[in-house]
Amino acid sequence: MDQQISLSMGGDLANLHGLGWIATDLNQLIVLSDLLESGQEDVAAHFFGNDARPFNRYKTFASAPQRRPSQVSQRDDGTLELVISELGVAAAILIPLVQSAIERQFEGAEQPLQFQLGTRDPGLKRVMQAYDRGDFGSGAEGLNTLMFVLKELNHEVPYLATSAPVIEHAVRKYSRRIARTLRKSQPQ
């Protein structure tokens with residue numbers, strides 16, 4: 001567990017209320033990644049898959065590892081930044097997938113979205129950008145190619161291919177939730 005993700009919200013989006021809701025959604029994605037990494041794919045599918053009941057934002061899992069508390073800071077330009085450390089590689093893969101899905105939802109918007117979410121690992125960031133551009137293909141083929149590239153970078157993630165439907169559903173669901181929170185935070 002050495003990965004780190006950060007969330008930055010600037011401009012009119014910089015408020016602790018929205019940051020709190022988004023942090024809760026990110027925590028659930030981290031729980032999903034922890035379940036996948038620990039081999040609990042059946043539990044992950046039960047709570048995050050296509051047939052899952054609506055997920056309670058306050059559900060906790062006994063097997064979730066203990067982490068350092070997240071750090072929230074405000075930059076000089078007013079941007080709020082949340083940093084979550086001690087994550088596994090699955091979280092560092094899921095979070096950029098969610099970021100890409102959110103950006104697609106805001107394409108063509110009048111105002112640029114001052115929202116950034118991603119991993120701090122530069123190598124992993126480049127790989128995820130290539131995956132997002134479609135360089136690896138799409139669907140299961142794209143995840144298999146992504147797995148191969150990550151294995152070459154010494155990241156073992158065989159559960160990505162076997163859990164592709166759960167991952168795709170979670171990315172779609174949580175990107176919509178986060179985008180809804182961002183829309184509510186924008187001035188009218």
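Quick notes on this one:
- Candidates are the residues of segment 22-41 that are more than 19 Å from Met9 (Cα to Cα) and among the small types (Gly, Ala, Ser); the one that is most open to solvent (accessible area, probe 1.4 Å) is Ser38.
- Restricting attention to segment 126-158, the residues that are open to solvent by less than 20 Å² (accessible area, probe 1.4 Å) and either among the hydrophobic types (A, V, I, L, M, F, W, C) or touching a residue at least 12 places away in the same chain (Cβ under 8 Å) (or both) total 7.
- Residue check for Leu87: buried (at least 18 other Cβ atoms within 10 Å of the Cβ) and at pLDDT 80 or above: yes
- For Met1, the conditions (1) within 11 Å of the chain's Cα centre (by Cα); (2) at pLDDT below 90 all hold with the exception of (1).
- Residue satisfying condition, being under 13 Å from the mean Cα position of the chain (by Cα) and either surrounded by fewer than 19 Cβ atoms within 10 Å (Cβ to Cβ) or over 27 Å from Leu13 (Cβ atoms) (or both), within set Arg180, Arg172: Arg172
- A residue that is in contact with a strand residue (DSSP E or B) (Cβ under 9 Å, 6 or more places away or on another chain) and modelled with pLDDT of 85 or more can be found somewhere in segment 32-44.
The values are calculated or read from the model by the stated rules, or taken from the named source; none is laboratory data. Because the structure is a prediction, the values reported are computed rather than measured. Neighbour counts run over all protein chains shown; Cβ positions are idealised from the backbone, glycine included. The protein model used for the area step is the full one, side chains on, heavy atoms only, and it has no ligands, DNA or RNA in it. Shrake-Rupley method; radii C 1.70, N 1.55, O 1.52, S 1.80 Å.
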